[in-house]
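*Asks:* Structure incoming, see below.
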Amino acid sequence: MGEPVCVDCWRRDNLTFAQRLDPAFVTPGPAHRCATHRAFLEDLRKSPENTPRAA
């Protein structure tokens, strides 16, 4: 019980699809993530949609 659990893995394993879409079940803030989910988030941050554009 002392080991941190990946928030994204816990949500996938313990919440239904509808609950995962419900904002009441989304908790912002710092959270532990496994290597797979950390890499996924880094890829999202590097995507072209997040690149700053000139006005």
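*Asks:* If we keep just the residues of the range 25-40 that are open to solvent by 100 Å² or more (accessible area, probe 1.4 Å) and modelled with pLDDT under 85, which is nearest to Val5 (Cα to Cα)?
*Replies:* By that ranking, first place goes to Pro30.
*Asks:* Specify which of the listed residues (Asp43, Asp22) is among the charged types (D, E, K, R), at pLDDT 85 or above and surrounded by 10 or more Cβ atoms within 10 Å (Cβ to Cβ).
*Replies:* Working: Asp43 fails: surrounded by 10 or more Cβ atoms within 10 Å (Cβ to Cβ).
Only one candidate qualifies: Asp22.
*Asks:* Note down all Cβ pairs under 7 Å where the first residue falls in the range 1-26 and is closer than 20 Å to Phe40 by Cα and in a helix (DSSP H, G or I), the second is among the small types (Gly, Ala, Ser) and open to solvent by less than 90 Å² (accessible area, probe 1.4 Å), and they're at least six residues apart or on different chains.
*Replies:* That search, which allows pairs on different chains as well, returns Val7/Ala31.
The values are calculated or read from the model by the stated rules, or taken from the named source; none is laboratory data. Since the model is a prediction, treat every value here as computed from it, not as a measurement. Please note: Cβ atoms are built from the backbone with ideal geometry, for glycine as well, and neighbour counts cover all protein chains shown. We work out accessible area using only protein heavy atoms, side chains counted, and drop any ligands, DNA or RNA first. Shrake-Rupley method; radii C 1.70, N 1.55, O 1.52, S 1.80 Å.
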